[in-house]
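Heads up, the thing below is written out as structure tokens.
The values are calculated or read from the model by the stated rules, or taken from the named source; none is laboratory data. If you're wondering where the values come from, they're calculated on a predicted model, not measured in any experiment. Virtual Cβ from ideal backbone geometry, glycine too; neighbours counted across all protein chains shown. In case anyone asks, the SASA skips ligands and DNA or RNA and just uses the protein heavy atoms, side chains included. Shrake-Rupley method; radii C 1.70, N 1.55, O 1.52, S 1.80 Å.
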Amino acid sequence: MDQSPLGNRVPFLDLGAHHAPIRAELDEAIAEVIDSGAFAGGPFVEKFEREFAAYCGCQYAVGVGSGTEALWLGLLALGIGQGDEVITVPSTFMATAEAISYSGARPVFVDVDECTYTMDPAGLEEAVSSRTRAIIPVHLFGQPADLDPVLRFAREHGLAVIEDACQAHGAEYKRRKVGSFGDVGCFSFYPGKNLGAFGEAGAVITNSFELQEKIRILRDHGQDRKYHHRMVGWNCRMDGIQAAVLSVKLAYLERWNSLRRAHALQYNNAFVGLEELRTPLEASYSRHVYHVYPICVHQRNEVIWLLKEKGIQCGVHYPVPVHLQKAYGSLGYGIGAFPISEQLAKECISLPMFPELTSAQIETVAVCVKEAVANSVLV
Ligand SMILES: Cc1ncc(COP(=O)(O)O)c(C=O)c1O
């Protein structure tokens, strides 16, 4: 990990501090799995699936190996594959588009809204074609996408909706948890997420009995009974240890999200009146859960460099929008295709954000950011 001369005064993320207060509970949960031997799938996964579905206000949750697998299996269960197109945004983590490609379909992009950084539904009309089968709105940074226009458009065109909620555990759209609006909702429990496992894990949620059954079968080699394979599937099962850890941590998620929201408010207040810097907007329809707290500045690289010198760790989510990634050169999108996503990729900085951040740390970051923004023009 990079160290400044001052050490890391404020880390980007502190999983040690995050787990310390619940360490005994976590140790006990892991010991229970070891004693039971239920390591791959099994009762701990089933228990977490029930708890997570109830938390999301959805009928079913299916535990899988990662958020990427959740998206991929969601697409496969909806019958999406070769020759199909799926519309999503270029301002996301690569996995959203990758899952589309792995299903055999082609990703088609629409730009994001300049205020919310989530899918701009105005772009859907131009992107849709006779081959389009689904739309994947991404609840980026913990901010729900504006779902009503997307759901309406999907209904009018006979398309499925797959919510990428990998960064938005517990976020709400019009007072309902995200993930429960589309045909399926997909979550990642990567360790740094608002609800993180002790390794890789993910889940698909849905209210459809047929879809959950298909995803359950697909994640387990296509078998509905041991060694009876109804279809060709894959091994995408969730580990028992991950499920046990997630069950413990789920009980704290609301509290952790509230702390993230309070930290975001403290950052927002500290930056009031600073014209060179844009803070994240919480859309009127949403309860943002600030998986990431992004600010936008013109001299992004200079500001990051100055913050690093002060011992403030930052992130960049994401430096290259998906349509400009080398891996997607064959899609034929050029620079300028999606100006808002491209601008975000140039200007966004993610500031330290985790529930255990102290008020003093936020104050330190805010002071350093203001100083760095003022000095960046001189660099
Ligand atoms: C928006 C988004 N989609 C999908 C994923 C993929 O999740 P995983 O890393 O668990 O495969 C991530 C993970 O960072 C993500 O942020």
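Here is how the numbers come out for the structure above:
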read-out	value
Qualifying residue in segment 336-343 (condition: in a strand (DSSP E or B) and open to solvent by 10 Å² or more (accessible area, probe 1.4 Å))	no
Selected residue (criterion: farthest from F39 (Cα to Cα)) from residues of segment 228-246 that are surrounded by fewer than 19 Cβ atoms within 10 Å (Cβ to Cβ) and not aliphatic (A, V, I, L, M)	R230
Any hit, segment 43-53, residues being within 12 Å of the ligand (Cβ to nearest atom), open to solvent by 10 Å² or more (accessible area, probe 1.4 Å), assigned to a helix (DSSP H, G or I) and touching a residue at least 24 places away in the same chain (Cβ under 8 Å)	no
Of all residues making up segment 128-140, the number that are open to solvent by less than 30 Å² (accessible area, probe 1.4 Å) and more than 19 Å from G182 (Cα to Cα)	0
Residue in segment 290-299 that is modelled with pLDDT of 95 or more and out of contact with any Leu (no Cβ under 9 Å at 6 or more places or on another chain) present	yes
Output for segment 267-287, where each listed residue is open to solvent by 50 Å² or more (accessible area, probe 1.4 Å) and under 24 Å from V373 (Cα atoms)	N269, V272, G273, E275, E276, R278, L281, E282
Residue list for segment 291-332, restricted to those being part of a helix (DSSP H, G or I), closer than 22 Å to K370 by Cβ and open to solvent by less than 30 Å² (accessible area, probe 1.4 Å)	R300, V303, L306, L307
Matching option when the condition is part of a helix (DSSP H, G or I), polar (S, T, N, Q), under 30 Å from A251 (Cβ atoms) and touching a residue at least 12 places away in the same chain (Cβ under 8 Å), among T92, T96	T96
Every residue from segment 78-89 that is touching a residue at least 60 places away in the same chain (Cβ under 8 Å) and open to solvent by 10 Å² or more (accessible area, probe 1.4 Å)	L78
Lone qualifier among P321, P280, P294 - being of a type outside the set (S, T, N, Q) and closer than 26 Å to I100 by Cα	P321
So L71, is it in contact with a Cys (Cβ under 9 Å, 6 or more places away or on another chain) and either free of Cβ contacts under 8 Å to residues at least 60 places away in the same chain or open to solvent by less than 40 Å² (accessible area, probe 1.4 Å) (or both)	yes
Number of positions in segment 146-199 that are under 16 Å from T116 (Cβ atoms) and either of a type outside the set (A, V, I, L, M, F, W, C) or within 11 Å of the ligand (Cβ to nearest atom) (or both)	11
